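The values are calculated or read from the model by the stated rules, or taken from the named source; none is laboratory data. Just so it is clear, the structure is predicted and the values come from calculations on it, not from any experiment. Here Cβ is always computed from backbone atoms with ideal geometry, including for glycine, and neighbour counts include all displayed protein chains.
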Amino acid sequence: MSLKEQLENLRQTSLQEIQKVVDLDALNQIRVEVLGKKGPITEVLRGMRNLSNEERPKVGAFANEIKSDLAEAIETRKAELEAKKAAAQLAHETLDVTLPGQSIKKGTPHVLTQVIDDLEDLFVGMGYQVVAGYEVEDERHNFEMLNMPANHPARDMQDTFYITNDLLMRTHMSPNEARDLENHDFKNGPIKMISPGRVYRRDTDDATHSHQFYQMEGQVIDKNITMADLKGTLEYTIHHIFGEDRDLRFRPSYFPFTEPSVEVDISCFRCDGKGCNVCKQTGWIEVLGAGMTHPNVLKAGGVDADVYGGFAFGLGIDRFAMLKYGVDDIRNFYLNDVRFLNQFTQEG
């Protein structure tokens, strides 16, 4: 029997086996056995060394034709078996359309966003406007208009990320207050604004410090504004966030953009003012700084300090959240640990 006859017999036998196969694993086994390097076609072709130079290319071309035919037949049978398997699977599967669908877990605002939203709702309800501002600021608005000219020692209190000699990452939200003073027309009414946002300091990250964090600052500028207005506003805010049972105290302090300046403490929520490790045995926890707007700040904004006055305050959103929820490490807010964040999931 010639090599061509042997190859033709292999083709017919293999085609029959391919058509008889009933599962994909068996079909794959046939593919390996017939078309593999150790298959019968390869064995037959070893006899080509005995052929003449004229016959050898003809037999080789015939062998390639058979391989192509068998590969095509295998792919066709594979498609048939896959379709048959899918049809059988569908025939045995049933779908109860009355069953409820799978519930999709909803996201929730980040805990810091929740605190910001709560404060914004509170102040908007008191007639304040919310101002966003710029994260990249110039020295004039970040320092000079806030009574901190070049070489002022207060600049050392805020180690700054400079981009150029004049541009920097804002170190606080007060530049928005300066811009509001600069652009406001008092014919339209007084200034009542808050400005929450991210600020940047060249600080070493630890449990209570971060190189970036959130602040909210606010100011009211009008005629006949007094310290009593400031105290009433802050008492209302503190009681809203931390509860009506918190006591407040105001301590004299220093900020270059307010005079007089105060720092505000609340009674310790853990020991109720008796003294513990949270409040360092004092019974009080510092929560924010504030004061009456400095005349130099008003003048820098083009406001007549003899006619208008006001107050300003600044608080740390991260610190408020830490105190409100008993978080002992500020870094937890920025690690995106879902186990931590799920503690603050809002319902509804």
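Regarding D229, is this residue more than 19 Å from the chain's Cα centre (by Cα) and at pLDDT below 95? No. Criterion first (surrounded by 14 or more Cβ atoms within 10 Å (Cβ to Cβ), in contact with a strand residue (DSSP E or B) (Cβ under 7 Å, 6 or more places away or on another chain) and either polar (S, T, N, Q) or at positive phi (or both)) does G273 satisfy it? Taking the combined requirement at face value, the residue satisfies it. Taking region 56-95 as the range and being of a type in the set (S, T, N, Q) and under 26 Å from E33 (Cβ atoms) as the test, the residues that pass are N64, S68, T76.
Of the helices (runs of 4 or more DSSP H) entirely within region 1-119, none holds at least 2 residues that are assigned by TED's automatic domain parsing to the domain that holds E217 and within 30 Å of V199 (Cβ to Cβ).
Being of a type in the set (V, I, T), in contact with a strand residue (DSSP E or B) (Cβ under 7 Å, 6 or more places away or on another chain) and touching a residue at least 60 places away in the same chain (Cβ under 8 Å): is that true of V124 here? Judged against the criteria, V124 is not a match. For first residues located in region 232-254 and under 16 Å from W284 (Cβ atoms) and assigned by TED's automatic domain parsing to the domain that holds F123, partners that are of a type in the set (S, T, N, Q) and not in a helix (DSSP H, G or I) and lie 6+ apart or on another chain with Cβ distances below 6 Å form the pairs R246/S267; D247/S267; S253/S261.
Against the definition (in the same structural domain as D121 (by TED's automatic domain parsing) and within 30 Å of P109 (Cβ to Cβ)), how does N277 come out, yes or no?
no
Determine whether V21 is under 60 Å from the mean Cα position of the chain (by Cα), crowded, with 17+ Cβ neighbours inside 10 Å and of a type in the set (V, I, T). So V21 fits the description; yes.
Do we have T226 as within 23 Å of T113 (Cβ to Cβ) and either of a type in the set (S, T, N, Q) or crowded, with 20+ Cβ neighbours inside 10 Å (or both) here? Against the criterion (within 23 Å of T113 (Cβ to Cβ) and either of a type in the set (S, T, N, Q) or crowded, with 20+ Cβ neighbours inside 10 Å (or both)), T226 does not qualify.
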